[in-house]
Every structure is written in structure tokens, then in C-alpha cells.
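Data first, discussion second: the structure below is written as C-alpha cells.
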Number of protein chains: 2
Amino acid sequence: MVVKLKDIADATGKSITTVSRALNDYDDVSEETKALVNKIAKELGYSPNTWAQRLQKQHTDTLGLILPTFGPRFSDPFFSELLAGIGNRAAQLGYDILVSTRAPGEEEEIAYRAAIQGKRVDGFILVRTRRQDERITLLQESDFPFVAFGRAEEKLDFPFVDEDGTHGMKVLVRHLTALGHKKIGCLAPPPELMFAHYRLQGFKESLTEAGIQESDAPILVGDLTQRGGYEQACKLLDSASPPTAIAACNDLMAFGAMSAAQERGMVVGKDISITGFDDIPMAEYSHPPLTTLHQPIYEIGGRVCEMLVKLIQGEALKERYVLLKPELLVRQSSGSV
Amino acid sequence: MVVKLKDIADATGKSITTVSRALNDYDDVSEETKALVNKIAKELGYSPNTWAQRLQKQHTDTLGLILPTFGPRFSDPFFSELLAGIGNRAAQLGYDILVSTRAPGEEEEIAYRAAIQGKRVDGFILVRTRRQDERITLLQESDFPFVAFGRAEEKLDFPFVDEDGTHGMKVLVRHLTALGHKKIGCLAPPPELMFAHYRLQGFKESLTEAGIQESDAPILVGDLTQRGGYEQACKLLDSASPPTAIAACNDLMAFGAMSAAQERGMVVGKDISITGFDDIPMAEYSHPPLTTLHQPIYEIGGRVCEMLVKLIQGEALKERYVLLKPELLVRQSSGSV
DNA sequence: ATTCTATTCCAAAACGTTTTGGAAGTCAAG
DNA sequence: CTTGACTTCCAAAACGTTTTGGAATAGAAT
């Protein structure tokens, strides 16, 4: 049998009210009674029924996170790193994480609506913002607290943490052109993703800067997986005049591109330069280690989580918009021509 | 304002009872009324308050998953793959996942107790079973539904899915000895983990089988990360008579070992053989691609999830104990001496 | 003796839903 | 015009907690 307040009340001879208030350390309960109630509660192994508590208190101490899946899964180490950051910070702050996966579309919207209306969670963490992000408008209309990892195209006002992808790609391409590369391919993410926009913008701007023609900077869209990177890289490498460098917009695709190059007998970092973006833990240990842009994914997760909790608790945010500069990590996968 | 049953009742002129029953498609409500109620409910954007529902119904449609963290994070791609499998299957079955991270110890136990007593979740998925696993006894004592990924040492009876690590390692070592290796190092997981036990057992048994002395089969314990694998592999490689093959007990450590070997100018797959266990998505794309044991992590996640849901719903399990045979994938990281 | 203040307690309402145990109405059969 | 069966509805209780708005007691001040 599950122990409830009534059981403690019966055991101590006090009322339910008193027991409740004793457990919550109200000061209209005598120290003696508190001690007694706490003792008995411990003995009986009491812990409160969460739903009853939440029904009454009108908040859940739970944060929602719906991972957008393209394809059947979300096993991108990027997400696991982010989730780790969110989860651990949330645990510290006394919050739980309710995780779901939903492909972008109607199902996804229903999931959000149900969570909001049904008061399942106190707030949402939004990841992988999209150009026209219905999630954002939905949450704003509902006046529901959320923090996004990523910006949105429309000049909507909402708190976010994001990395400066444009800046990052510029630094990266400068690194490549400094090494003498004049023909640089790009493995881009699906264009509806906001971060694709920023990274691509950086890529393009820095080409203009370096005086490289568009024709010498082929851009292929991949699905962010190794396989996608591999497939697109094959196309680049097998073209009439293949590039001497490939800038992938995430590490996973960079790994795929490395496989494609190595399969063709090329030595990555010598015969061809390949770079990534994200610096997932794997990047340091690939062979050769991957030149990439580091963004502190784990810390970002924690940061987003923290902001959301503040928002929920009605505290003011010190910074509503956080834009982090990714740091270029030059490893052995890039070299001079 | 949040829409509740009362609002629909007022709008339709029906009672709360009737509205509730109409929405739940009871057959003591006329079709007309049902249609009306559903229409109004949709118009008002109603969706039920989850806590109230759960308080009443006594179940949560939520599965609990507390990831044991050694160190501050759990960004092992293994977990993200597993979580993906669990999450997607759960979504199909109409369940949510409540994810927490907790380091093994008292905090962890408190988290379990609170979730059980507080009826937060309908059941638990247990991962990374340990030799003396207090979580199992706790859940059994509380008579709380759970399914484990992994077995336990004591002959406790509980439903689980596991891979046959002993068998896997045997197949693997046979592969290595067939290639002529006579000195094989092993990177083992922390011994309190149950899967360490099974994999190590397989390792040891197959050495006896092949007539290899213990002194020619050094076993070093690593923390399952690349870094850990790197560090321990360094010790092996820098020893007086280094092994010609290293069998790491998970892929991540194998990657670390590959870095260590490559750092020393060795060609992995030629100068030294390195193998993993798990076949995380990365394994196929490392350089060289990793010889490893494939276990269908994603599918296991789904399977565990499915079993737990059946258990919760009181259905009989077709198979209470599932033991899968990992499949040896020979890639280029292993070669003859 | 009366009033006031402080302390300690508690009955009842509230949170939003589902379920219980009928009630009311309609229709057909007797 | 009764009776029974069926359909459609609903008031009230229940789930377990917190909060509200006092009540009861004791001691101090008048």
C-alpha cells in the first residue's frame, strides 16, 4: 500500500493539514510536532503523490524537450551531448526532463499543444530552430515559457542561446584559404534549418572576401549523418574538378567525407583538407583528428536549462540573447595544398 | 485561460460528467451529444489536464529512465542510440519518457524511491546493471514494474534484454587468434558493471581455449571513454613487450586505443589490431573502420520499452529473458600479425 | 474578570478529472 | 395504464495534496 498524508495523520493523531504543513516546514507547527511527523513519515516511507501535488500547486518542475527527428532516430552525438548538459543542470535545479521525439509536422505540433494545454511541463527547450518555426509562434501565442537553442529568421523576440555560425565559418574558410585552398566544397545542412542559414552565409561571405568564384565553391546538401556526408562527398570527389578542401557543416558529415576520401586512397590533411563543425567528443579521436569549430554543447545545454528555469520562476534574465563565438580547432585533417 | 471540462459543459449546456464521457466515447452518450461536445472541445482548444487525469486514473503513461553517470556526463553515443530506440518506440505506444541522470549511490536510490512512491512513472527501464544492484532489489521490494538492459549477478528473477557478451568476446578472440595473435591486451570496463563481467569472462575463456598464458593477456580497466581507452592503451603499448592486438570492451575505448597507436606511428590493422564492442554508428566511419561486435542498440531500446509496456498493462511476456548474440563485424582495424 | 496576542492546530475547500450509482424520459409490450 | 427495457443524462464522490480561514488554548496585559 502506498503511504499518504492520511496515514501519517492517523499514526500521529494529528490532522492532515498539520501533517502537510509540518512536512513543508511551516512555522505554525510546533517543533515537537514537526519532529514527530517527520519521524513517522520516514518510518512509513512516505513521499508525496506527485500528481496530487501538481494538480494543487499548478506547476510540474518538469521541462519539456521534443527532439525533432529527421528520419527514424536522433542518435546524433550532438544531441546526446546537449541532453547531458540539460539533464545534469536540470537535476541540480530540481527539475526533470520530459523527452519526446517527433518528426517536424503535425504530430509535432499536437505534442506541443497537448503538453501546454495539459500542463505537462512548466516550459520548453527548443532545439534545431527552423526558418519558419511554427513551434515558436505556437509557444508565443500560448504565452508559454521557452528558451531556444538557435535563432529564428523572422525577427521574433524570444530568449535563446546560439553559436555564431556565420563567424565560425568565416574563421574556418580563412584558415583554409590561408593554407592555399582555392576550390572549397561545402556540405550543407538542410536549408530549412536555421543554423544552416548562418553557417552557409559565413561560408559564402568569406568566399567573396577571398575572391573565390561560386563555381569553385560547390555546395551540396546532406542530411547531417555520416552516410549523408559520405554520399555527398563522393559526388564532390568524383566530379570533373574536385575541390581541394571540403568544409562540412557538422562533424558527422565531415567523418563521412573523410571515409569517402580515404576510400579513394587520399590522405586526409595532405591530399585533401576536410573540416567539421561542432567538435563532438569523437572529433578529437578520429583519424586524422578533425579540424573543426568547437562549440561547448554540454555547457550550452546547461545554460539553456538555467535560463528556462529562471524564466519559469519569474526571475529576470541577465542575458536574454546569448551568442557564443565558436573556436577554431586546427587539427590534422586540414593542411596546405 | 486554460479550458477545462467545466467550460465545455457550460458551452454545451451539458454536465461535466456527460462531457467527460462524450470525450471518452462512452456508449451511454448519444451520437449527437458526442458530436456537439467534440466540436466545442475542438473549438475551445481543450486538452485534458494531465495531472488531474493521472491523479484519478492512477497511472501516468510515462516510463522512467535514470541514466547512471560515472563522471559528470553521459554523452556516450551508446546511450543516445539506446535512448533513441526507447523514445521512438515509447512514442508509438503512447508513452513518455522521464529521463534523469544520477550517479550511482544514495542520490540515485532516493530518485528511484521518490519516483515509485510519488507514482511519477508507471515503470522503469534499468540500464547498465551492476553486480550488486540495489536498484533491482529496491524495485522488486516495491513490486514496481521494470525491465533491465543487462543481467544481474545474483540469481534474481526479473525480465531483461541483454547481449551475450561472453559469446561475443569468444568469437572475437577466436578471430584474433586465427589471425595469428598470441599476445592480446584487453581494455576492460569498471568491474562492478555486469557487462564487464560477461565480456571479460568470454575473453578469459577463449584465451584458455587458445592456450594463451595470462601473462600474455594483460587486462587494464578503463572508464569507457575515448580518453580512458587512450590512456590505458598507452600503458599497453609502452610496456616492455606490447601486445599485437588490443580488444577493447567498447567502441569508444577502442577509438582511444587507435589514437594511441597511431600517435606512435603504427598502422592500425597492420602493425596492430584493435577491436571494439557495441558497433556504435561511428565505428563504420572511423579510420580504419573498426572491427567490432554489433549489438542492435536501437532495437534493444525498442524491445525493452515494449516489454515494459506489456508488463505495465498486465499482458504476459512472450519472452521474459532475451539474450541476443552479438555479431562479429570484421573491418579493417584487425589484421594478421 | 476581561481583552489581546501568540501559538498551535484543523475542517473544509480547492485543483480537474473519472467513476459510481442512480434518475428521467421514451417506447413497446402486456 | 402498467411494466420493463433501453437510452441518455447527471450529482456527487473520489483521487491526494495544499491553502484558506478560522478555532482553541494559554499566557500576558489591562
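The values are calculated or read from the model by the stated rules, or taken from the named source; none is laboratory data. The structure displayed is predicted, hence computed values, not measured ones. Every residue, glycine among them, receives a Cβ derived from its backbone with ideal geometry; neighbour counts consider all protein chains shown.
Checking each residue of the stretch A:234-255 against the condition of being of a type in the set (D, E) and within 11 Å of chain B (Cβ to nearest Cβ) gives at least one match.
Conditions (1) within 11 Å of chain A (Cβ to nearest Cβ); (2) within 10 Å of DNA strand C (Cβ to nearest atom), marked per residue:
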| residue | (1), (2) |
| --- | --- |
| B:K14 | no, no |
| B:Y26 | no, yes |
| B:S30 | no, no |
| B:Y46 | yes, yes |
| B:K57 | yes, yes |
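When you look at B:F78, is it in contact (Cβ under 8 Å) with a residue 40 or more places away in the chain and either within 15 Å of DNA strand C (Cβ to nearest atom) or closer than 28 Å to A:K57 by Cβ (or both), yes or no? In short, no. Going by the structure shown, is A:A11 crowded, with 21+ Cβ neighbours inside 10 Å, outside the structural domain of A:G222 (by TED's automatic domain parsing) and touching a residue at least 12 places away in the same chain (Cβ under 8 Å)? So A:A11 fails the test. Of all residues in the stretch A:260-293 being part of a helix (DSSP H, G or I) and in contact (Cβ under 8 Å) with a residue 12 or more places away in the chain, which is nearest to B:P281 (Cα to Cα)? Among those that are part of a helix (DSSP H, G or I) and in contact (Cβ under 8 Å) with a residue 12 or more places away in the chain, it is A:M282. In summary, B:E106 fulfils each of the numbered conditions (1) more than 10 Å from every other protein chain (Cβ to nearest Cβ); (2) touching a residue at least 60 places away in the same chain (Cβ under 8 Å); (3) surrounded by fewer than 20 Cβ atoms within 10 Å (Cβ to Cβ) with the single exception of condition (2). With a requirement of 1 or more residues that are more than 13 Å from DNA strand D (Cβ to nearest atom), the helices (runs of 4 or more DSSP H) lying completely within the stretch A:1-77 that satisfy it span A:5-12, A:31-44.
Among the candidates B:D157, B:D162, B:D122, the residue that is touching a His at 6+ places or on another chain (Cβ under 8 Å) and among the charged types (D, E, K, R) is uniquely B:D122.
For (1) free of Cβ contacts under 8 Å to residues at least 60 places away in the same chain; (2) touching a Lys or Arg at 6+ places or on another chain (Cβ under 9 Å); (3) closer than 24 Å to B:I116 by Cβ; (4) surrounded by fewer than 19 Cβ atoms within 10 Å (Cβ to Cβ), each residue gets a yes or a no:
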| site | (1), (2), (3), (4) |
| --- | --- |
| A:D7 | yes, no, yes, yes |
| A:S15 | yes, no, no, yes |
| A:S20 | yes, no, yes, yes |
| A:V29 | yes, yes, no, no |
| A:E32 | yes, no, no, yes |
| A:K42 | yes, no, yes, yes |
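Within the stretch B:235-259, the set of residues being part of a helix (DSSP H, G or I) and under 24 Å from B:G202 (Cα atoms) comprises B:K235, B:L236, B:L237, B:D251, B:L252, B:M253, B:A254, B:F255, B:G256, B:A257, B:M258. The listed residues are A:A35, A:A90, and the only one of them that is of a type outside the set (S, T, N, Q), within 12 Å of DNA strand C (Cβ to nearest atom) and more than 7 Å from chain B (Cβ to nearest Cβ) turns out to be A:A35. Filtered by the rule that a residue be charged (D, E, K, R) and either touching a Ser or Thr at 6+ places or on another chain (Cβ under 8 Å) or more than 20 Å from B:V161 (Cα to Cα) (or both), the stretch B:95-134 gives B:D96, B:R102, B:E106, B:E107, B:E108, B:E109, B:R113, B:K119, B:R120, B:D122. Each residue in the stretch A:223-245 was checked for being surrounded by fewer than 18 Cβ atoms within 10 Å (Cβ to Cβ) and among the small types (G, A, S), and 3 pass.
Only one entry in B:F70, B:F79 is more than 9 Å from every other protein chain (Cβ to nearest Cβ) and modelled with pLDDT under 90, namely B:F70.
Within the stretch A:294-323, if we keep just the residues that are among the charged types (D, E, K, R) and outside any loop (DSSP other than H, G, I, E, B), the residue that is modelled with the lowest pLDDT turns out to be A:E299. Out of curiosity, is A:T101 within 10 Å of chain B (Cβ to nearest Cβ) and over 28 Å from A:G276 (Cα atoms)? Criteria not met by A:T101. Go through the stretch B:193-222 and report how many residues are buried (at least 16 other Cβ atoms within 10 Å of the Cβ) and part of a loop (DSSP other than H, G, I, E, B). So the answer is 4. Annotation for the stretch A:270-285: at least one member residue is facing chain B (nearest Cβ under 8 Å) and out of contact with any Ser or Thr (no Cβ under 7 Å at 6 or more places or on another chain).
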